[in-house]
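Inspection log for the structure reproduced underneath, given as structure tokens.
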Amino acid sequence: MAAKMPAFPGGVPLADLDFHPAIHEALHDASWISPHEPHPAGPGNRPAYWLRSSFTWTPDNGKATVHATAHGIYELFINGSRVGDEELTPGFTSYRKRLQFQEWEITGFLVSGLNEVTALLSDGWFRGRHGFERRADGFGTETAFLASVTTPAGVLIATNGDWQSRESHITRADLMDGQAVDFRRWPLSLEEHTTPDGWLPVVPCLGGLYENRDRLVRPLAPPVRRIEELPPVSVTVPSPGVTVVDFGQNINGWVRLVKLGPEGHLTTLRHGEVLDSSGLVSTENIRAFDFATKTPLAAGQIDTVISAGRPGDVFEPRHTTHGFRYVQVEGAAGPLSPTDITAVVVHTALRRTGTFECSDPRLNALHDAIVWSFRGNACDVPTDCPQRERSGFAGDWQVFADTAALMYDVSGFSAKWLQDLAADQWADGRVPTVVPNPAGDRPSGNVFEDLATGSAGWGDAAVFVPWSLWRAYGDKEALSRSFPSMRAWVDYAAGAASANRHPDRASFRPDPLPHEQYLWDTGFHFGEWLEPDTPPNPDPARDHGIVATAYLHRSARLLAQAAAVLGEHDTAARYDALAGKARDAWRAEYLDGAGRLNEESQGHYVRALAFGFVPDELAPRTASRLVELIRLNGTRLGTGFLATGLLLPTLAEHGHLDVAYELLLSTGTPSWLGMLDAGATTMWEWWDGVTGSGARGSLNHYSKGAVGSFLYTHLAGIRLPANPRESESAYRTVTIAPQPGGGITSVSAAVETPQGRLSAAWTAERGKFALHVEIPLGVTATVELPDGSLRPAPAGTHDFVIGRL
Ligand code: BGC
């Protein structure tokens, strides 16, 4: 019986830059095949399958290349040796429209004569669990594989109905639930390799999606790899038979275990971020719940291994990843020494570009924690957290993309995700909350998910992220590729603003004022989300107009700027006018003549100033009121997801650098250093993620780490123009404007920019401020010293000294 899959036609048109004709030729003779799996097990309990075939090659055939991809996750082996070091291939994309393929030269793996090709295929993101509700089968109900081996002379072998499959030693594999391995079933014996026993014919996959080869794309981003290994920092035995290993760092990845015991011995590994009061791993904080029934869901992240009793076997579960710092080993085969177990850090192999160090070790630790949070959430897609939903939440990347671009080269990583965003955008321009989205470019049928699609601040990733990429990397083609998606989002938001009025507004003001058509006060919005002491309130009836209209203005403005860069001047003028109308509507509705807002929160004030809603003459008063709110709050920040990254720059730019430093260096809850004091090694989702009564929410969410950019832009002073023209993007024009404070006596930061290495280092001691900068060729830099003086800095190194600050 052939597996069938429905076709799934598009919404917003996709640029086809990564569509690759060569792959179509290489895979022309290949057909999709599924393992023989008449009765698939339930989600989380499905094995990985071997798929195999053989082919003849002789040196006369020349160089051999394999092209492969899958619905699921696959590893490829030639004659039993693993090909490549990429993990979780083919990666996570909006599979219905974009499916990455891998390409490896395999000549070195071949022997003259008969060669065996095998693939190990598991559920992955395609069929495995994913998202808050841990739903499986998001993209389809069967896994499948497509590959060919070609030489310059033609195809040596391609997937077809002659291939065979069998269950592998991976008896269950799921990205969320974990992986189980039975080493007694591995490796296959010579007999198992050479006889058909135990092998069953694969199922050819026909129709619909399987016929769509246009979705095969060459990866834009670096692959996921094993990046680093961490030894345990402690190994304890809190109760008999239970060993707890602390790796000292919250990571995304897995553990490698080399002590597996005698044949048949079972070891269980439970991964989590915290310990309970008895020293056992607790996963209570990362348990989600079913939206409809509110039933708590299991946290997953449990691996098991059954030993074959062979020395040399190594357990390393490559068909899952976990977010964890601790592993609880149940039934360890004897006492574990630190060399028996190692944490393997797994994420996209991004190039590190930014470094930061200063005289205050607490800020260095904060910077490290932010870097680790990003590393923990850069597993092929930018995720919210590596343990609970593991989804590409648009709002989270919207707020963090600028910070990430200072620390790593995220050009391909972000561009890839933006292609998926465009692929998943609904036909009306709405952006799903998570990208890639299992439901694709249309409603999923899940009431909350569908309702939440199109939230301000989340959907605005469609505009903010391409603009962030443009500023950092200056890739005009990437900007133009994103442009239709940017415009579709802004059109959606503008349409939603003009089409509806919030019932509360309609009742106190029955006749709408003209500006209201630009007021986006209806529809579901997450709002500022997770401010301190504010539980999540996803109430669709809430009026979030003050947030949503702010984003409508901002995205329209950025879209206009993007249009200007792309030479579309009429379009630029149109969206500039829209931005102006939305700004005026926001002012009319929320700002009074004394610079005060009629809905007060730190987040609203931050946006008012950062997005340019406050006329210059009122800005000092608005900024003073923001400071007043901070003081009234005990000099504590009060922002959530959206405004936290903007808070300190906004204070600094409106004459309150001292308050910015007070907040940056404050401790207790809520604060960044308070997280570190409570043992955080990554940023938390909630400001009070860990309290005396335990942990709540994810402890590895980078969104609040958006403060990281302040370390580069204000402490070190490395600043990109907010709205670069073509000649100014990609660091071609920069300002170096360090703003010392907070008792910090030295700062040193560097960024590998597209133009070369740019650095700024200063000391402020005994009344003397000394700045050293390094400006790469092709960069026009202006140095703004803390006394306000401006100095040009051409390419080269420069030193500036000023007296008492
Ligand atoms: C996720 C976030 C996300 C938020 C709002 C949470 O469950 O973890 O990071 O942005 O929901 O959608």
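In table form, for the structure just shown:
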quantity: Within segment 267-296, considering residues that are of a type in the set (Asp, Glu), under 30 Å from residue 446 (Cβ atoms) and surrounded by fewer than 18 Cβ atoms within 10 Å (Cβ to Cβ), the one modelled with the lowest pLDDT; calculated: 290
quantity: Of the criteria (1) within 26 Å of residue 346 (Cβ to Cβ); (2) surrounded by 24 or more Cβ atoms within 10 Å (Cβ to Cβ); (3) of a type in the set (Ser, Thr, Tyr), which one residue 171 fails; calculated: (2)
quantity: Qualifying residue in segment 741-749 (condition: assigned to a strand (DSSP E or B), modelled with pLDDT of 95 or more and farther than 17 Å from residue 357 by Cβ); calculated: no
quantity: Pair list, Cβ under 7 Å, 6 or more apart: segment 279-308 residue among the aromatic types (Phe, Trp, Tyr), other residue away from the ligand (no atom under 14 Å from the Cβ); calculated: 289/295; 289/296
quantity: Segment 36-55: number of residues that are among the hydrophobic types (A, V, I, L, M, F, W, C), assigned to a loop (DSSP other than H, G, I, E, B) and in contact with a Ser or Thr (Cβ under 6 Å, 6 or more places away or on another chain); calculated: 1
quantity: In segment 326-341, residue nearest to the chain's Cα centre (by Cα) [restricted to those that are of a type in the set (Ser, Thr, Tyr) and surrounded by fewer than 19 Cβ atoms within 10 Å (Cβ to Cβ)]; calculated: 339
quantity: Selection count where residues are of a type in the set (A, V, I, L, M), outside any strand (DSSP E or B) and closer than 25 Å to residue 193 by Cβ, scope segment 56-100; calculated: 2
quantity: Flag for residue 376 being within 16 Å of the ligand (Cβ to nearest atom), at negative phi, at pLDDT 95 or above and surrounded by 22 or more Cβ atoms within 10 Å (Cβ to Cβ); calculated: yes
quantity: Unmet requirement for residue 476, which otherwise passes all of (1) in contact (Cβ under 8 Å) with a residue 40 or more places away in the chain; (2) of a type in the set (Lys, Arg); (3) closer than 30 Å to residue 586 by Cα; (4) more than 16 Å from the ligand (Cβ to nearest atom); calculated: (3)
quantity: Residue in segment 432-447 that is at negative phi, at pLDDT 95 or above, away from the ligand (no atom under 16 Å from the Cβ) and in a helix (DSSP H, G or I) present; calculated: no
quantity: Failed item, numbered, when residue 424 is tested on (1) modelled with pLDDT of 95 or more; (2) within 12 Å of the ligand (Cβ to nearest atom); calculated: (2)
quantity: Residue count for segment 649-698, restricted to those that are farther than 16 Å from residue 366 by Cβ, assigned to a loop (DSSP other than H, G, I, E, B) and within 16 Å of the ligand (Cβ to nearest atom); calculated: 6
quantity: Residue ID - nearest to residue 362 (Cα to Cα), chosen from residues in segment 747-782 that are surrounded by 18 or more Cβ atoms within 10 Å (Cβ to Cβ) and in contact (Cβ under 8 Å) with a residue 60 or more places away in the chain; calculated: 747
quantity: Residue pairs meeting the criteria (Cβ under 6 Å; at least 6 apart or on separate chains; first more than 17 Å from residue 602 (Cβ to Cβ), in segment 529-540; second near the ligand (Cβ under 8 Å from one of its atoms) and not in a loop (DSSP other than H, G, I, E, B)); calculated: none
quantity: Subset of segment 104-117 (residues that are crowded, with 23+ Cβ neighbours inside 10 Å and of a type in the set (S, T, N, Q)); calculated: none
quantity: Which listed residue is within 16 Å of the ligand (Cβ to nearest atom), under 22 Å from residue 427 (Cβ atoms) and of a type in the set (A, V, I, L, M), from 556, 462, 488, 499; calculated: 462
quantity: Residue 384 being within 16 Å of the ligand (Cβ to nearest atom) and acidic (Asp, Glu); calculated: yes
quantity: Per-region count, segment 393-418, residues closer than 20 Å to residue 251 by Cα, more than 10 Å from the ligand (Cβ to nearest atom) and touching a strand residue (DSSP E or B) at 6+ places or on another chain (Cβ under 7 Å); calculated: 3
quantity: Count of residues meeting criterion [closer than 30 Å to residue 757 by Cβ and surrounded by fewer than 22 Cβ atoms within 10 Å (Cβ to Cβ)] in segment 480-503; calculated: 2
quantity: Of the criteria (1) more than 11 Å from the ligand (Cβ to nearest atom); (2) part of a loop (DSSP other than H, G, I, E, B); (3) surrounded by fewer than 24 Cβ atoms within 10 Å (Cβ to Cβ), which one residue 389 fails; calculated: (1)
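Each row is one residue, and each column tells you yes or no for (1) modelled with pLDDT of 95 or more; (2) within 23 Å of residue 160 (Cβ to Cβ); (3) out of contact with any helix residue (DSSP H, G or I) (no Cβ under 8 Å at 6 or more places or on another chain); (4) not acidic (Asp, Glu).
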| site | (1), (2), (3), (4) |
| --- | --- |
| 105 | yes, yes, yes, no |
| 109 | yes, yes, yes, yes |
| 121 | yes, yes, yes, yes |
| 128 | yes, no, yes, yes |
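The values are calculated or read from the model by the stated rules, or taken from the named source; none is laboratory data. Here the structure is a predicted model, which means the values were calculated and not measured. Every residue, glycine among them, receives a Cβ derived from its backbone with ideal geometry; neighbour counts consider all protein chains shown.
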